[in-house]
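The values are calculated or read from the model by the stated rules, or taken from the named source; none is laboratory data. Predicted model only: the values in this text are computed from it and were never measured. Every residue, glycine among them, receives a Cβ derived from its backbone with ideal geometry; neighbour counts consider all protein chains shown.
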Amino acid sequence: MAFRGSIRMSRRLRWLIGSVAIAAAVWFAALWVGGSIAAAPARARIGAPPADLPVEAITIASASGSRLSGWFIAGAPHGGAVLLMHGVHANRLEMLDRARLLHRAGFAVLLFDFQAHGESTGEAITFGYLESKDARAAFEELRRRAPGERVGVLGLSLGGAAAILSDPPLAADAMVLEAVYGSFAIAVENRVAMHLGAVGPYVAPVLTTMLLWQVKPRLGFDPDILRPSARIADLHMPLLLIAGDADEHATLAEMKSIYANANDPKELWIIPGARHQDFQRYARAEYERRVVAFLRGHLQGHLRD
């Protein structure tokens, strides 16, 4: 009888081990597919430039290995110039209303598609790694097209992270950063927790570790280098940080961490009720007043030193 019991126990153990192995394999496959979807190129046909702006279509060669599609809009003499950088899974059209606003205010503007976004080439979205190289290439292109002008940067989400992560740092005269993640690991954990609902806080750390493990073999870099909250200390220009206090993607705590590590002069504008969304549309009048005043104060009326 003891022998038969041990056989039954052995079968149960094998069944349990097999079930756990199958479940683990399913979870791993699901996470691998999830990683593939997140990093997949966000291609889009942009279409003709808007007729209400004096747009020049441009192409920029980037050290990311991609050719970036973009638009340049000339500004008034001594009017300053601003580089606009969109969020993840978007393209330059996301920044078009900002381009109109800044053009009306006299700025020259350059907006473009990051690698693997819109009409730019690229094999995978890298959440700031290759995009930081695109930020540098576009920044240098804007300085070439607006010689002598002071140059600012406005980056939304991924665009803000790319601006901060550029190495060496962008030599901008002012920078506006909207809804930027503090670290890539926290950003991934936030998103995992959001998608899993009530159980999210309990399992998100484990699933995040499994997702982050994929980054190096899949994309070729250590995800730990994507830490805007630490890298912000490398920047030495006036900063305007904008955060929504209801943002679950780039939380208010993350933006406060970036602000705490930033050098002076710096400002933090917290928008009540705003989530991870277009702040210009959410709080249009106040957004346009603050952003234009900030950029005018630091860019317009004089040439670069």
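Quick look at the values:
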| quantity | calculated |
| --- | --- |
| Flag for GLY244 being in contact (Cβ under 8 Å) with a residue 24 or more places away in the chain and closer than 16 Å to GLY87 by Cβ | yes |
| Options ALA171, ALA163: the member that is surrounded by fewer than 21 Cβ atoms within 10 Å (Cβ to Cβ) and at negative phi | ALA171 |
| Cross-chain or 6+ apart pairs with Cβ under 8 Å, the range 172-194 first and of a type in the set (Lys, Arg), then not in a helix (DSSP H, G or I) | ARG191/HIS249 |
| Selection count, the range 161-187, where residues are modelled with pLDDT of 95 or more and either within 11 Å of PHE127 (Cα to Cα) or of a type in the set (Val, Ile, Thr) (or both) | 8 |
| Neighbours by Cβ (under 6 Å, 6+ apart or cross-chain): first from the range 103-116, closer than 22 Å to GLU131 by Cα and free of Cβ contacts under 8 Å to residues at least 40 places away in the same chain; second surrounded by fewer than 24 Cβ atoms within 10 Å (Cβ to Cβ) and of a type in the set (A, V, I, L, M, F, W, C) | VAL109/ILE73; VAL109/ALA99 |
| Filtered residues of the range 57-75 (kept if surrounded by 15 or more Cβ atoms within 10 Å (Cβ to Cβ), part of a loop (DSSP other than H, G, I, E, B) and within 19 Å of the chain's Cα centre (by Cα)) | SER62, SER64, SER66 |
| MET194, sole failed condition from (1) exposed (fewer than 15 other Cβ atoms within 10 Å of the Cβ); (2) in contact with a Gly (Cβ under 8 Å, 6 or more places away or on another chain); (3) at pLDDT 95 or above | (3) |
